[in-house]
Amino acid sequence: MKIGIIGAGNIGGNLTRRLTALGHDVSVANSRGPHTLTALAEETGATPVPAEQAARGAEIVVVTVPVKALSGLPSGLLDGAADGAAVIDTGNYYPQRDGRIAAIEDDGLTESRYAEREIGHPVIKAFNGTYAQDLLERPLPAGDPGRMALPVAGDDAAAKRRVRDLIDELGFDTVDAGGLDDSWRQQPGTPVYGLRAGVDAVTKALAEASPERPADFRA
């Protein structure tokens, strides 16, 4: 499968490592240009590209950049993606890093609904509460009792299914966390955020979440 990754930080870099190892054709981009991704490309076999080319032909696109950087992504970023491409948003809003975003703080948009608006394409929220190193160190075969589960939220059932299948291939179970307006249940400060547990515990943590944004995650 052709996959585009926009953002080569901890999550983006480790997804590049895992997905290329699984045989996927990965194009990866960051804000500093392809020449800064030479080492990652040599390590993984991924193709470093400018951000505006990362989604070309991609069946899955991973957007893994700071929330404050979403508005600075090239316009038409996803114009060249494959028909029906699933777009994964891994981001989290941290006011101390991102500055105050009124659409989230005042208007009550979920972080991924804001991301969707900024990039102009529906998104699936996944990997946002996952430790990057766990992508390398904690995958397990399906059916293993120690297998971790990741919450996945989104409105497009077909795109969500494709993302959940990809996460299964990476070695993790998934829990359907509802639509994108429900994705506050997996934002920072919620019980499931950073939880290393299986399906039952993740399902329980999602149910226990409060819609009130914790003080530590408000500007």
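Straight-distance candidates among the aspartates and glutamates for linking to Lys125, with alpha-carbon spacing under 17 Å and chain neighbours fewer than 8 residues away dropped: Glu59, Asp89, Glu111, Glu116, Asp155, Asp156, Asp165, Asp168, Asp173, Asp176, Asp181, Asp182.
When restricted to Cα atoms, the stretch 120-200 yields an Rg and a Dmax of 12.1, 39 Å, respectively. In the stretch 160-215, inverting the average of 1/r over every pair of distinct C-alpha atoms gives 12.0 Å as the Kirkwood radius. Counting only protein chain heavy atoms and rolling a 1.4 Å probe, the accessible areas of His121, His24, His35 rank, largest first, as His35, His121, His24.
Any idea what the relative contact order of the chain is, in percent, if you count C-alpha pairs under 8 Å spaced at least 6 apart? Can you show the working numbers first?
Details: 452 pairs, mean separation 36.8, N = 219.
With pairs under 8 Å counted, the relative contact order is 17 percent.
Here the chain has 47 percent of its accessible surface on carbon and sulfur atoms, given a 1.4 Å probe and all protein chains in place.
Against the empirical curve 2.2 N^0.38 Å, the C-alpha radius of gyration of the chain lands at a ratio of 0.95.
Surface exposure of the stretch 1-109, expressed per residue as accessible area with a 1.4 Å probe, stands at 43 Å². Is the stretch 97-160 best put as rounded, prolate or oblate by its Cα gyration tensor, with a ≥ b ≥ c the root eigenvalues, rounded for a/c under 1.5, and otherwise prolate when a/b is larger than b/c, oblate when not? Note, shape of the stretch 97-160 comes out prolate. Cut-off 10 angstrom, C-alpha nodes, Gaussian network model of the chain. Which of Ala142, Ala58, Ala197 fluctuates the most? Comparing Ala142, Ala58, Ala197 in the GNM, the peak value goes to Ala142. When shorter helices are ignored and each DSSP H run of at least 4 residues is given -39500 (n - 2.57), the per-residue value for the chain at 222 nm works out to -8000 deg cm²/dmol. Here the stretch 103-219 is treated with +1 on each Lys and Arg Cβ and -1 on each Asp and Glu Cβ, and its dipole about the Cα centre works out to around 200 debye.
What's the Cα-based Rg to Rh of the stretch 1-96, Rh via Kirkwood?
Reported Rg/Rh (Cα atoms, Kirkwood Rh): 0.94.
The listed residues Asp165, Asp89, Asp173 rank as Asp165, Asp173, Asp89 when sorted by accessible area, largest first, using a 1.4 Å probe. Under the criterion of Cα pairs below 8 Å and six or more residues apart, the relative contact order for the stretch 136-219 equals 30 percent.
Taking the alpha carbon gyration tensor of the stretch 52-168, multiplying each eigenvalue by 5 and rooting it gives semi-axes of 24, 19, 13 Å, largest first.
The values are calculated or read from the model by the stated rules, or taken from the named source; none is laboratory data. Being a predicted model, the structure only gives us computed values, none of them experimental. Neighbour counts are summed over all protein chains in view; Cβ atoms, including those assigned to glycine, are modelled from backbone coordinates with ideal geometry. Heavy atoms of the whole protein, side chains included, go into the accessibility calculation; ligands, DNA and RNA do not. Shrake-Rupley method; radii C 1.70, N 1.55, O 1.52, S 1.80 Å.
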